[in-house]
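Notes follow once the structure below has been shown.
The values are calculated or read from the model by the stated rules, or taken from the named source; none is laboratory data. Remember, predicted model here, so these are calculated numbers, not experimental data. Every residue, glycine among them, receives a Cβ derived from its backbone with ideal geometry; neighbour counts consider all protein chains shown.
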Amino acid sequence: MTAALALTWRQYRLERKMFWRNPSAAFFNFVLPLLFLALFGAIFAGSQEDLDIIVPGIAGMSIMTTTFVALAMNVVFLREQGVLKRLRGTPLPSGNYLAALAGHAVTNTAIQLMIVIAAGALLFNVGLPQDWVMLVTFVAAGVICLASLGVALSHAIPNFDSAPAYVNAIFLPVIIVSGVFYDAENAPAFLRDIAQALPLTHLIDGLSAALVTGAPFADHLDDLAVVLIWAALGIVLAVRGFSWEARRG
Amino acid sequence: MIARVQSAAPAILVRDLHKSYGNVHAVQGIDFEVAVGEVFGLLGPNGAGKTTTVEVLEGYRPRTSGIVSVLGHDPGGRPRGLRERVGIVLQSSGIYRHATPRELVAHWAGFYPAPRDVDEVIELAGLRECEGVLTRRLSGGQSRRLDFALALVGDPELVFLDEPTTGFDPAARRAAWDTIRALADLGKTVLLTTHYLDEAQALCDRVAIVKSGRVLAVGAPAQLGVGASSRYRVAWRNEGGELVCRETDDPTALLHQLTSAALARGTGLADLSVSRPSLEDVYLELTAEADVEEASR
C-alpha cells in the first residue's frame with residue numbers, strides 16, 4: 001500500500017515538475033481563467049449583483065479548464081507522442097499513473113479555486129464561502145465529472161493538431177451558455193434548456209449557493225444529481241474507450 | 001561473436017503465432033525460440049509482421065492464436081512480474097519533453113525493484129554528454145540512446161529492440177551496435193527487429209528471416225548463407241579478360257578444371273575468387289521466392 005502510494009507520489013511530482021517547465025500549458029491552465037476574472041471584475045466593478053455571478057462562474061470555469069480541457073489535451077498529446085505506450089511497458093501500474101495524472105489536475109483545480117475565492121473575498125466583496133461542506137462536495141463532484149468527460153473526449157480526438165479545435169468547440173459554447181459570465185436565468189428559453197442539460201450550469205449553481213448566496217444544501221441536491229449523472233457517463237466513456245496508443249494509420 | 005551459455009528453458013518461445021487485424025493477417029503462423037543470453041534477430045522488409053510479433057511478446061497486443069511464452073510468462077496478461085524483468089525499446093515513442101535524460105533515467109529506475117546505477121546506465125548508453133539537456137533539444141541519435149537507457153535501467157533479463165537504428169547515420173549506428181553488444185556481454189537476452197542485413201549479421205547469434213507474416217528461414221547468419229543454398233560462387237577472368245561468374249555445388253571440380261586449363265595454357269587466372277552466398281543473397285533469394293509463391297496463390 002505504502003509502496004503503491006510512493007509510486008503514485010513520485011509520478012505526481014514528475015507531472016508537476018513537467019507542468020511548470022512548460023509555460024504555454026501553465027498559461028492555458030492557470031492564467032486564462034484568472035485573466036477573465038480580472039477583466040470581468042473590472043467591467044462589473046460597482047455592480048455587486050454581477051460580481052456575485054462572475055465569481056462562482058469563474059470558479060466553475062476554472063474547474064473545467066484544469067480538468068476537462070487540461071486532461072483532454074494532455075491525454076491526446078501523451079498518447080500521440082507515445083509516452084503512454086512507453087509507460088505501459090514499464091512496471092508502473094496503470095492505476096498509479098492515472099491517479100498521478102488526476103492528482104496533478106486536481107492540484108491545479110485547488111490552487112485556482114483558492115485564488116478565485118481569495119480574489120472574490122478581497123477584491124470583489126463577495127465574502128468568504130458560506131458553506132464549506134457544500135463547496136467541497138460540489139468541487140469534488142465537478143472534478144470527477146469534468147475530468148472523466150475530458151478523458152472521454154480525448155478518445156474522440158484524432159490527433160494533437162486538432163485537439164484545440166475539438167476542445168474549444170465544446171469548452172467555449174459550454175462556458176457561455178452555462179452562465180459563467182451572466183445569470184443563466186436571463187438567457188433565452190432554448191439556451192436555458194440546453195444549459196439545464198449540461199453539468200457546468202448545475203455545478204455553478206451549487207458553487208454560487210456555497211460561495212455567495214448561502215442557500216441550503218438541500219435545495220441544490222438536484223444540481224448535484226445532474227453533475228453526478230454526467231460523472232457516471234463520463235467515467236464509463238473514459239474507461240471504455242481508453243487506448244494507450246495512437247490509432248494505426 | 002562470443003559463444004554464450006544457453007540454459008534449457010528458452011527465454012522466448014513462439015509456436016504457430018497468428019495475429020489478424022480485421023481482414024489483414026499480419027502474422028500467419030510464426031515459430032521461433034530464443035535461448036537465454038542469445039541475441040536473436042527478426043529480419044525482414046517493412047510490413048513483414050516483425051513489429052506485430054514483437055508487440056505481442058511485449059504484451060501490447062493480444063494474439064489471435066498460438067502459444068507465446070516470455071521468461072515463462074504469457075505476456076498477454078501483462079503481469080507486473082514480467083514487466084519488471086523486460087526492457088522495451090519501441091520503434092518510436094516520445095518522452096516528457098521538459099525533462100533531462102538524467103532526471104528520466106533516475107525516475108525510471110524507481111519503477112523497478114532492483115535498478116542499475118543511474119550513472120552506470122548513462123555511461124553505458126552514451127548519454128554523458130547530454131545528460132543535462134532537455135529531451136526536446138536532443139538529436140535523433142541521442143533520443144535513441146535515451147530509449148536504450150530507459151529500457152536498461154531496470155536491469156532487465158530480456159531486452160526488446162524494435163528497429164533500434166532505423167534512420168541513423170553510420171556513426172550513430174555503430175554507437176548503437178556497441179551498446180547492443182555491451183548488453184549481450186552483460187548476459188542479456190536480446191530480441192531485435194531490423195530490415196538491415198548488415199545489422200543482423202553484425203549483432204545476431206541467430207536470425208529469423210520473416211516475410212508476409214511467415215518465417216522463411218532460421219539460423220546463424222553464417223549458416224543461413226551456406227545452409228539455405230549450398231552453392232558456391234566462383235569468379236575469374238577468361239582469356240578475353242572478361243569477368244566470368246559461375247555457381248556450383250562442387251567448387252573443387254570446377255577449380256581443378258580451371259587451374260589445369262590455365263596451367264596448360266601457361267597463363268594465370270586473374271581475379272579468381274570463391275565465395276559463399278552472403279546473408280544478403282539468401283535474403284533476396286528467399287524473399288523473391290516468397291513473392292512468386294504469393295503471386296501464384
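Odds and ends about this structure:
- Filtered residue count, the stretch A:117-126, keeping only those that are over 22 Å from A:ALA70 (Cβ atoms) and either part of a loop (DSSP other than H, G, I, E, B) or of a type in the set (A, V, I, L, M, F, W, C) (or both): 6
- Looking across the stretch B:68-89, not a single residue is over 26 Å from B:GLY29 (Cβ atoms), among the acidic types (Asp, Glu) and either more than 8 Å from every other protein chain (Cβ to nearest Cβ) or crowded, with 20+ Cβ neighbours inside 10 Å (or both).
Every residue, every condition in (1) away from chain A (no Cβ under 12 Å); (2) outside any helix (DSSP H, G or I); (3) over 23 Å from the mean Cα position of the chain (by Cα), yes or no:
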residue	(1), (2), (3)
B:ALA99	no, yes, yes
B:VAL105	yes, no, yes
B:TRP108	no, no, yes
B:GLU123	yes, no, yes
B:GLY132	yes, yes, yes
B:ASP147	no, no, no
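- Some residue of the stretch A:68-79 being away from every other protein chain (no Cβ under 11 Å) and over 16 Å from the mean Cα position of the chain (by Cα): yes
- Scan of the stretch A:82-98 for residues that are at pLDDT 90 or above and either assigned to a helix (DSSP H, G or I) or more than 9 Å from chain B (Cβ to nearest Cβ) (or both), ordered by number: A:VAL83, A:LEU84, A:LYS85, A:ARG86, A:LEU87, A:ARG88, A:ASN96, A:TYR97
- Residues located in the stretch B:18-46, provided they are touching a residue at least 40 places away in the same chain (Cβ under 8 Å) and not in a strand (DSSP E or B): B:ALA35, B:VAL36, B:GLY37, B:GLU38, B:GLY44, B:PRO45, B:ASN46
- Test: residue in the stretch B:208-223 that is at pLDDT below 80, surrounded by fewer than 19 Cβ atoms within 10 Å (Cβ to Cβ) and farther than 20 Å from B:VAL34 by Cα: no
- The listed residue being assigned to a helix (DSSP H, G or I), buried (at least 16 other Cβ atoms within 10 Å of the Cβ), under 16 Å from the mean Cα position of the chain (by Cα) and at pLDDT 90 or above, out of A:ILE63, A:ILE54: A:ILE63
The rows are residues; the columns are (1) on the phi > 0 side of the Ramachandran plot; (2) among the charged types (D, E, K, R); (3) touching an Asp or Glu at 6+ places or on another chain (Cβ under 8 Å).
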position: B:LEU104; (1), (2), (3): no, no, no
position: B:TRP108; (1), (2), (3): no, no, no
position: B:PRO113; (1), (2), (3): no, no, yes
position: B:GLU120; (1), (2), (3): no, yes, no
position: B:LEU127; (1), (2), (3): no, no, no
position: B:ARG145; (1), (2), (3): no, yes, no
position: B:VAL153; (1), (2), (3): no, no, no
position: B:PHE168; (1), (2), (3): no, no, no
position: B:ARG181; (1), (2), (3): no, yes, no
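- In the condition set (1) surrounded by fewer than 16 Cβ atoms within 10 Å (Cβ to Cβ); (2) under 17 Å from the mean Cα position of the chain (by Cα), B:ASP169 is compliant with all but (2).
- Condition check for B:ALA200 on (1) in contact with a strand residue (DSSP E or B) (Cβ under 6 Å, 6 or more places away or on another chain); (2) within 23 Å of B:TYR112 (Cα to Cα): one failure, at (2).
- Annotation note: of B:VAL292, B:VAL226, B:VAL234, B:VAL282, the sole residue that is at pLDDT below 85, farther than 30 Å from B:VAL24 by Cβ and of a type outside the set (D, E, K, R) is B:VAL226.
- Test result for B:SER92, facing chain A (nearest Cβ under 10 Å) and surrounded by fewer than 17 Cβ atoms within 10 Å (Cβ to Cβ): yes
- Criterion violated by B:PHE160 - all others in (1) within 14 Å of another protein chain (Cβ to nearest Cβ); (2) within 22 Å of the chain's Cα centre (by Cα); (3) in a loop (DSSP other than H, G, I, E, B) satisfied: (3)
- Of residues in the stretch B:119-154 being among the hydroxyl-bearing types (Ser, Thr, Tyr) and touching a residue at least 24 places away in the same chain (Cβ under 8 Å), the one nearest to B:ARG85 (Cα to Cα): B:SER143
- Of all residues in the stretch B:47-62 being crowded, with 23+ Cβ neighbours inside 10 Å and assigned to a loop (DSSP other than H, G, I, E, B), the one that is farthest from the other protein chains (Cβ to nearest Cβ): B:ALA48
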